[in-house]
Structures are given as C-alpha cells and as structure tokens.
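Step one of this worksheet: look at the structure below.
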Amino acid sequence: MSAVLPTQTRPDTANQATASASLNPAALRESFAAARSSGKRAKDAAESIGVTEGQAIAAHAGAHELSLKATPLKGPWVEILQALELCGPVMALTRNESTVHEKTGVYRNITAQGHMGLALGEEIDLRIFFSRWHAGFYVFEPANDPKNPASESLQFFDAHGVAVHKVFARPETDREAFRDVANQFSDAGKAYTFTPADPKAAPKPDADIDAAALAQGWSEMKDTHEFFGLIGKAGAERQQAFRLVEGRFTQKADLTVVRKLLDEASIDGTSIMVFVGSLGCIQIHTGPVKRIEPMVTPTAQWINVLDAGFNLHLREDLIKSAWIVEKPTSDGVVTSVEVFDGAGELMAMFFGARKPGNPELQPWRDIVARLPRLKEAA
C-alpha cells in the first residue's frame, strides 16, 4: 500500500520553539504542570505555554520534585523497538496535528535497513523513518487516582520536539519487562536539545509541472509505492499531483467522506486499512472497524473508532480537502481515500484491506462508489 511521506514541521511550531528558548527547566516544568492540571493533554499543554512537547518532556529529566519524570534514552532506536517484544501487548501511538492512531499489540518482526525501519507484526504495523528520530525518553507519570496504575511510556521526538512515535504500557503489559527496556537504554546524562524547523517550502507553480508526463507515468504504475518516485520526478506536491490528473485518476470528495466510509465499513464488516503518519512513522490498522463514535466539543469535532485493539481520533472540522485516488498496479486498480487539513498536510489515508498479489476487495470498491463526490454534494 501507499505510504505517507514525512512532512516538515509547521512554521507555528518553529515560532513556539523560538519563543520558549529563554525558559529554564524549572519554570517550564511549573508552567507545564499548571497547563496539565487544567485537563490538557501533553501536546496541547506544551503548545499552550509556547513550547513543543519534546521540550516540555526534556525539561523533566534529571532531579526535581514534580511527579512527572523523564529519563533520556539512547539508541539505536530499532533495538529499543525490538526489545519491546518481551513486554507483551503495549499500545503504539502515532499522530499528526489532526489525527491520532492507537494500536494495541506486540512489537514483532522489527527490522531496519539504513534509516528505514519496518514493524510487521499482526497488530503493530509500522513504516519508520529513523532519520527523523532525534530524542527518546522513558516517561513516568502517576495517575490522578492512586487506585489506578501510573502512566509509563517510551516517547520519541524529532529534532524540533514534535512526537514521532510513542509506546504506552497497558494493563496486560509486563511492566517489569517494560522498565527493563527503559533501564537498558537509559542515558541519564544525555541532554537533548531541539531547534526550530524551517518553514515549509511552497509547491512549484502548476505551469512548471509537466502534467502530461505525470499522467503518463501514473498510467504506467505497477505498484502503489512507485507513486513517490513519480511525483518526486515531476517535482509535484501530493495534492498538486492529484489536481493535475483530476478526472482521470482522482476525484474530489465531500468533506464528510471519512465519517461515511467508516460508517459503511462498520455496517457491512469490510476490512479496511487506515494509515496515519507523523514526521517519522506511519502506523497502519488492517481489519474491520465496528464502533464509530462522533464527538463534538466547544472547540473541535471528532470522528472516532473505539474498537478493542484499535482507536482512531480524527478532527473532522479540520478536513479542508478530500480525494478519491486510483493507482494502477499489476494486481488491478488500487483505490484510496485521502484527507488533508488547511495547511495541506495529509491527515489520514484509507484503503481496502489487501495483500500484494491480490486484487482490491470488491466491497471496498462498492463503498467508495457510494461516497459523495464534491460536485455531487454541490
């Protein structure tokens, strides 16, 4: 299946890093604790005080009196992931600005070649870009209710302090083994620092893209993974490529498309694939989805999958464009549904479940055929 290319940190993250440079660790810890006490999750709490999440976690390394403790980890990162198999089921979390993907399972079949890594377990399925992994921490945070176990996690960040992947202990996790992994790779003297990101480069003008060559190359694809080389050769941004072949290989979809496809898949039991990517990791769910729950708060509109072993949380109100995309392969056409936020960042991709060498599921094609196109909605 096609994968999500890592993207640059947004300019607002760079501004946060610059604004927070003068904060000392003690002041940062106090501000972060106050933000967390108001009910904010770690990422939101960090951003509310003008820092990245990585900066906030790094400030909790070393000796201090606050209950949240962070121990720096050393690589190789792939060896940490490989060591997790002995811990049993854990929860893998990968997110971007708008979407959170959570899978519970065992880390198995972890390999790396250069800066590229794979996790090919039955539940934990990852495509990893280790060149983006800059810092790691074991994070311990007591629960608000002393009757509940503490939160224990391994958290990994890019050079700008943006989370690329996290691993959380769950009730079924062997916590002693989990702590052994943390101890094995701990480096208490390590002092990670983070730097502001460069602004995202603007796409080339459409006129500078050879649209005919792009369409011809598209028609000749034999595998979905050829797509990245295709748009790279053309010098096209992802949605720009969609737009330049619109009507032949792509169609704009209504912005309600995620809710509709999840609802339909849950009703008929069609197995789907859900891809969500961070800067350094793509996390994939393959299988049916069952419990689809919308949630509206004063500040956000979410669509959630709340299944045993798989949770998805996607900000529907942040979807600004949606595409139905067809890619030719040696196994026939493969169809995806892809949604983007207002900054042009890919939020999530959806496919029918498929193994290489097999054609696309007809029930998935039937679901896609029923999804509202933008022109139809208008």
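Some points to look at:
- Our helix-only sum for the chain, with -39,500 (n - 2.57) per DSSP H run of n ≥ 4 divided by its residues, gives a mean residue ellipticity at 222 nm of -7500 deg cm²/dmol.
- The relative contact order of segment 113-155, computed from alpha carbon pairs under 8 Å that lie at least 6 residues apart in sequence, is 27 percent.
- Within the accessible surface of segment 58-177, defined with a 1.4 Å probe on protein heavy atoms only, the carbon and sulfur portion equals 50 percent.
- Under 9 Å, Cβ to Cβ, from G121 - net charge with Lys/Arg +1 and Asp/Glu -1: -3
- In nm, spacing of pseudo-spin labels at L374 and S131 (7 Å Cα→C-beta vector): 3.2 nm
- Residues considered: M347, M295, M91. Largest GNM mean-square fluctuation over the chain, using C-alpha springs under 10 Å, is found at M295.
- Separation of segment 109-131 and segment 183-207, taken as the distance between their Cα centroids, equals 19 angstrom.
- Once the 1.4 Å probe is applied to the protein heavy atoms, segment 184-310 comes out at 49 Å² accessible per residue.
- Segment 88-225, relative contact order [Cα under 8 Å, separation at least 6], %: 18 percent
- Neighbours of G352, meaning other residues whose beta-carbon lies under 9 angstrom from its beta-carbon, give a summed charge of +1 when Lys and Arg score +1 and Asp and Glu score -1.
- Over 19 Å (Cα to Cα) - which of K327/K355; K43/K69; K103/K290; K74/K103 fall in this group: K74/K103
- Candidate values (i) 133; (ii) 161; (iii) 146 were compared with volume of the Cα convex hull per residue in Å³ computed on the shown model; the agreeing label is (iii).
- Counted by Cβ distance under 14 Å from D180, the other residues give a net charge of -3, where Lys and Arg count +1 and Asp and Glu count -1.
- Solvent exposure of segment 106-149 amounts to 58 Å² per residue of accessible area, where only protein heavy atoms count and the probe is 1.4 Å.
- Label point 7 Å beyond Cα of D180 along Cβ direction - residues of segment 59-80 with amide nitrogen under 15 Å: 80
- Sites R291 and F228, calculated FRET efficiency, Cβ-Cβ separation with R0 41 Å, nearest 0.05: 0.75
- For the chain: relative contact order, % (alpha-carbon pairs under 8 angstrom, 6 or more apart): 18 percent
The values are calculated or read from the model by the stated rules, or taken from the named source; none is laboratory data. Quantities reported herein were computed from a predicted structural model and do not represent experimental measurements. Quick reminder, even Gly has a Cβ in these numbers, built from the backbone with ideal geometry, and neighbours come from all protein chains shown. Only protein heavy atoms, including side chains, enter the accessible area calculation; ligands, DNA and RNA are left aside. Shrake-Rupley method; radii C 1.70, N 1.55, O 1.52, S 1.80 Å.
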